[in-house]
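**Q** Pasting a structure here, questions to come.
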Amino acid sequence: MERVTNVYTSPFAERYSTPEMLRLFSADHKFRTWRRLWVALAEAERALGLPITAAQIREMKAHVEDVNTDVARRYEERLKHDVMAHVRAYGDQCPKATGVIHLGATSMYVVDNTDLVVLRDALQLVRRELVNVIAALTAFAKRYADTPTVAYTHFQPAQFTTIGKRACLWIQDLMLDLEEVERRLGSLRFLGAKGATGTQASFLELFEGDHAKVKDLDRRVARAMGFSETYPVTGQTYSRKVDAQAAATLGGIAQSAHKFANDLRLLQHHGEIQEPFEEEQVGSSAMAYKRNPMKAERMTSLARLVIALGQNAAFTAAGQWFERTLDDSAGKRVANPEMFLGADAILTLWMEIASRPVVNRDIVRANVERQLPFVATENVLMAAVKAGGDRQVLHERIRRHALAAVEAMHDGKGNDLIARLKNDEAFRAIRQKLDHLGRPERYVGRAPEQAREFIAQEVEPVLRSRRKLLGWKAVVKV
């Protein structure tokens, strides 16, 4: 099939997102779900006594999958109403059932209930991807739980941590995101069959005032679509706060991704940890030697987009009038899919990086050794105090020597802090000890233990209980 290049196509479809997520938000999936909802409604109405025949139901079921989209499009050009266009198109295929399709329903019966089906399935897909990224980062954290690295505050060298402990910070953010996704899934309900303003008046009329049957109808269509509960009160639509909550959840994932990606970009600048780089990958069209962190940069860019798109859902929820207003529709059609497609693309990139990171141990070690004299100063201070020195005086002398050593390093010289301290009479009593600062592992505190304990107590139980979700293989297109 020849590729069309003279019309706009979404980069999510062409470059970024997975086939699974793209399918969920496709027009084909939407219109098939509309038809499944019309079948569910007709079946429930028949079961509750309305004069709908088994033959009509069979006819409707026979055409759930073969949506005559071109016919519906021609109807929509005339009617200017997408749902009624598809009611007519479906009716053309189901002449026996045409009079019972959409019986008692308003457009939001198919539009909003379909959105909730897609929202549920998309959150489940995000959940699977999150679990797999957590698992990949956990393997990385375990492998490097004991490997010292320079820790930073304000992006200035501070003390030492381990590579594995730092990875646990990324994992912890994702664990919070997973908890939030599962909370949203656990609280999600169905709109059901609520009618034009949410009062179910049309259905009450159909069932001749039988409230029990109307309530049963609501439950039946929800169960048919895989939901155990419906929202008990609605207008014509489900509350747009549901979309805003989902947007906030996806925004949280984007925040975690942005933080991780920026950390990786900084680490790659130092040469310590790099994202995977393919054998024939080109880093720059001009500078052939370059190895840019393009995957992490793309994560950062997409994360900003997902966070920003969440504002549309918030404004939409805030701006609804009474039982229904249509100013939600156009923006919702664009923003909601793109938030999920963006989160999906981000997690695909994250999985790729977390599965194949490149750790340059020699560079990590060299950076650690370079900072070791600074990190060791607290131990030096304690030893000098034990030898009879004044803590405040010694602290000030270390501070001055350290700042001078930093200035020398900025001038391209080595770290001469220890030499400066050895030449200071205030440290004469421990001069011999200054030659034996010890291994960097001595200065990482409980970082290795924290990493292992966190993984064993917090992460691995979560992964074990969700092991059926494991096994996802991310494929980055470009």
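**Q** From zero up to wherever the largest Cα-Cα distance of segment 11-93 sits, split into 10 Å bins and tell me the percent of pairs in each.
**A** Percent of pairs per bin, in order: 17, 38, 30, 12, 3, 0.
**Q** Which loop GluC sites (Glu not before Pro) in segment 124-211, with loop taken from DSSP, have no more than 12 other Cβ atoms within 10 angstrom of their Cβ?
**A** Here the GluC sites (Glu not before Pro) that fit, given the DSSP loop and packing criteria, are E208.
**Q** What is the helix-to-structure angle for 107-143, meaning the angle in degrees between its Cα long axis and the longest Cα principal axis of the chain, kept from 0 to 90 and rounded to the nearest 10?
**A** Taking the Cα atoms of the chain, the angle to 107-143 is about 20 degrees.
**Q** So, one more: Taking Cα atoms, how many degrees apart are the long axis of helix 361-375 and the longest axis of the chain, rounded to 10 and kept between 0 and 90?
**A** The two axes meet at around 60 degrees.
**Q** So what is the relative contact order of the chain, in percent, for Cα pairs below 8 Å that sit 6 or more residues apart?
**A** RCO, the chain: 19 percent.
**Q** Which trypsin sites (Lys or Arg not before Pro) in segment 1-76 pass both tests, a DSSP loop state and at most 10 other beta-carbon atoms within 10 Å?
**A** R3
**Q** Relative contact order of segment 335-478: what whole-number percent is it, with Cα pairs under 8 angstrom and at least 6 residues apart?
**A** Once divided by the residue count of segment 335-478, the mean separation gives 32 percent.
**Q** Which value results when the Cα radius of gyration for segment 161-250 is divided by 2.2 N^0.38 Å?
**A** Cα-based Rg divided by the globular estimate yields 1.62.
**Q** Could you tell me how many cubic angstrom of Cα convex hull volume the chain has per residue?
**A** Expressed per residue, the convex hull around the Cα atoms of the chain is 200 Å³.
**Q** From the helices alone, meaning DSSP H stretches of at least four residues, give me the mean residue ellipticity at 222 nm for the chain, per-run term -39500 (n - 2.57), in deg cm²/dmol to the nearest 500.
**A** Per the formula, -20000 deg cm²/dmol.
**Q** Hey, another quick one. Would you pull out the residues with amide H under 5 Å of Q159's amide H, same chain only if 5 or more places away, H placed 1.01 Å from N?
**A** Those lying under 5 Å, H to H, from Q159 are A151.
**Q** In addition: Can you bin segment 182-228 into rounded, prolate or oblate? Criterion: square roots of the alpha carbon gyration tensor eigenvalues sorted a ≥ b ≥ c, rounded for a/c under 1.5, prolate for a/b above b/c, oblate for the rest.
**A** Here segment 182-228 falls in the prolate category.
**Q** Just to check I understand the Karplus step: with θ = phi - 60° and J = 6.51 cos²θ - 1.76 cosθ + 1.60, what whole-Hz values come out for segment 457-465, glycine and proline as x?
**A** 8, 10, 8, 4, x, 5, 5, 4, 6
**Q** Could I ask something else about it? With a cut-off of at most 10 other beta carbons within 10 Å, and DSSP calling the residue loop, which chymotrypsin sites (Phe, Trp or Tyr not before Pro) in segment 141-218 qualify? Please list them.
**A** Answer by residue number: F155.
**Q** Please list, ordered by chain and number, the residues whose modelled amide H lies under 5 Å from the amide H of T230; skip anything fewer than 5 residues away on the same chain.
**A** Distant-sequence amide H within range of T230: F190.
**Q** May I pose another question? First measure r as the distance between the Cβ atoms of A426 and L176, then evaluate 1/(1 + (r/R0)^6) with R0 = 41 Å and state the FRET efficiency to the nearest 0.05.
**A** After rounding to 0.05, the efficiency reads 0.30.
Readers should treat all values here as calculations from the given coordinates under stated rules, not as data from a laboratory. This structure is a prediction, so every number in the text was calculated from the model and none was measured. Backbone-built Cβ (ideal geometry, glycine too); neighbour counts: all protein chains shown.
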